[in-house]
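Data block below; observations after.
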Amino acid sequence: MKVLMPLPERDFDPTEAAVTWKVLRDAGHTVRFATPKGERSYADDMMITGEGLDLWGCIPGLSKLVVMGGLLRANAVARAAYAELERDAEFLLPMSYDALRPTDFGAIALPGGHRARGMRGYLEDAGLQAFVAGCFELDMPVAAVCHGVLLAARSISPKTKRSVLYGRRTTSLTWSQERLADRICKLVRPWDPTYYRTYVEAAGEPYGYWGVEQEVKRALASRSDYADVPKDAPDYALKTNGMYRDTMDDERPAFVVRDGSYLSARWPGDVHTFAKTFCHMLAG
């Protein structure tokens with residue numbers, strides 16, 4: 001099947017894009033890419049190198065000494081997948097957003113990322129939102145992870161004039177995850193303390209109002225349609241403490257939510273299970 005993966009000009013999450021691409025490709029699917037101007041995209045460099053994610057990260061000569069950055073960046077499996085992705089012909093020659101037509105594809109995958117300088121263009125592009133809405137109108141299989149869910153939430157159905165997620169069940173990057181990353185960043189990256197927050201509250205707005213979870217919830221028919229890991233879920237600690245990521249052989253740390261032809265996940269730690277589940281959806 002031909003699957004589209006739109007990306008920003010830069011700063012997408014390498015795990016969410018590259019691992020999803022690799023799993024889909026290895027399952028026999030063709031993955032096409034699209035960017036705002038039809039030029040190749042670049043992942044968030046800090047999620048590749050880990051440089052800049054330590055307290056001394058802004059000091060010339062010391063930035064390459066990676067400690068906390070080694071824990072926060074993409075893991076070895078994801079970095080290897082991204083290195084492979086960078087050699088993929090489709091990735092190097094993407095389409096432009098304005099050339100996209102829903103009927104040209106069989107499915108779409110929406111990865112995320114958090115770095116504001118690149119991700120805002122992806123999340124705010126009206127043409128891309130209209131394309132995503134068109135895919136939902138066709139009941140096309142759609143998979144979204146992390147901030148990719150926010151792109152879906154902002155995509156408005158031309159028929160209902162509501163978000164395409166209205167009436168659906170979904171998860172996304174949760175506020176507990178985003179808040180933890182924000183607090184860590186304030187400690188290790190004080191010169192740029194909002195690196196993990198794509199959107200920051202204005203004066204007078206409550207902390208977290210522009211978090212991914214809160215904005216996604218505002219697009220839903222009911223706040224109860226938003227799903228997080230149940231307290232009694234098996235392996236609850238593995239799924240929620242932020243230290244463990246799933247693998248192709250271990251789904252215990254992952255949490256994904258399927259609602260018909262729509263699949264969602266929270267963060268890079270869910271992505272192997274997310275991509276495998278999407279492959280099962282495309283096969284069935």
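Here, each number is a calculation from the coordinates, and none is a lab measurement. Quick caveat: nothing in here was measured; it's all calculated off a predicted structure. Counting neighbours? That spans all protein chains shown, and the Cβs are built from the backbone with ideal geometry, glycine included.
A few notes on this one:
- Being farther than 21 Å from Asp139 by Cα and in contact with a Leu (Cβ under 8 Å, 6 or more places away or on another chain) is a description that applies to Glu215.
- Taking (1) in contact with a strand residue (DSSP E or B) (Cβ under 8 Å, 6 or more places away or on another chain); (2) in contact (Cβ under 8 Å) with a residue 60 or more places away in the chain; (3) within 17 Å of Val271 (Cβ to Cβ) in turn, Ala219 satisfies each apart from (3).
- Condition broken by Ala203, with the remaining ones in (1) out of contact with any Phe, Trp or Tyr (no Cβ under 8 Å at 6 or more places or on another chain); (2) within 22 Å of Met243 (Cα to Cα); (3) not in a helix (DSSP H, G or I) satisfied: (2)
- Applying a threshold of 6 Å to beta carbon distances and a minimum spacing of six or more residues, or different chains, the list of pairs starting in region 126-148 at a residue that is under 22 Å from Ala17 (Cβ atoms) and ending at one that is crowded, with 19+ Cβ neighbours inside 10 Å and of a type in the set (Phe, Trp, Tyr) reads Gly127/Tyr97; Leu128/Tyr97; Val142/Tyr262; Ala143/Phe278; Val145/Phe274; Cys146/Trp267.
- Scanning region 89-106 turns up one or more residues that are part of a loop (DSSP other than H, G, I, E, B), touching a strand residue (DSSP E or B) at 6+ places or on another chain (Cβ under 6 Å), among the aromatic types (Phe, Trp, Tyr) and closer than 27 Å to Lys22 by Cβ.
- One residue from Leu180, Leu173 being in contact (Cβ under 8 Å) with a residue 40 or more places away in the chain and surrounded by fewer than 24 Cβ atoms within 10 Å (Cβ to Cβ): Leu180
- Residue that is surrounded by the most Cβ atoms within 10 Å (Cβ to Cβ) [pool: residues in region 186-200 that are part of a helix (DSSP H, G or I) and in contact (Cβ under 8 Å) with a residue 24 or more places away in the chain]: Val188
- Condition met for Ala78 (crowded, with 21+ Cβ neighbours inside 10 Å and outside any helix (DSSP H, G or I)): no
- Taking the conditions (1) of a type in the set (D, E, K, R); (2) in contact with a Leu (Cβ under 7 Å, 6 or more places away or on another chain); (3) part of a helix (DSSP H, G or I) in turn, Arg40 satisfies each one other than (3).
- In the set (1) surrounded by fewer than 23 Cβ atoms within 10 Å (Cβ to Cβ); (2) within 20 Å of Ala283 (Cα to Cα), the condition left unmet by Lys37 is number (2).
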